[in-house]
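See structure below.
Laboratory data are not the source of any read-out in this text; all were calculated from the coordinates shown. Not measured: the values here are computed from a predicted model. Cβ atoms come from the backbone with ideal geometry, glycine included; neighbour counts cover every protein chain shown.
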Amino acid sequence: MFKYILIIFLLIAFVPAIRTFLFNILVGNQIAKQQKRYNDFMEKERGKEGEIKVKTTKTSNKNTGFDSGQYVDYEEVK
């Protein structure tokens, strides 16, 4: 039993084709799903080619406390 486990471990550790195959089975599917989700999101954000979107922000009608009509005395300092 130990002999078989050791042989499988050595094959995985030292044979790149087997290691790549196992990696693609275990991790490759998840990577492909994440890439598809990202591409779908970016396609939705960008929109169709040639389509123009303008994002505007709401302007506030509040008084900010700055009165641009104030006069400030100017004194020359020597």
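Taking the alpha-carbon distance from LYS33 and a cut-off under 20 Å, which lysines remain once sequence neighbours fewer than 8 residues away in the same chain are dropped?
Within reach: LYS44.
With point charges of +1 on the Cβ of Lys and Arg and -1 on the Cβ of Asp and Glu, referenced to the Cα centre of the chain, which listed residue (GLN35, ILE25, TYR71) lies farthest in the positive direction of the dipole?
Checked the options; the winner is ILE25.
Quick check on the chain: helices-only [θ] at 222 nm, where DSSP H runs of length 4 and up contribute -39,500 (n - 2.57) each and the sum goes over total residues. Nearest 500, please. Present the calculation step by step, with values, prior to reporting the outcome.
Numbers: 3 runs with 39 residues, N = 78.
Here the helix-only value at 222 nm equals -16000 deg cm²/dmol.
Using the basic label-point model (7 angstrom from Cα toward the beta carbon), what is the ALA17 to ASP73 distance in nanometres?
According to this spin-label approximation, the distance is 9.3 nm.
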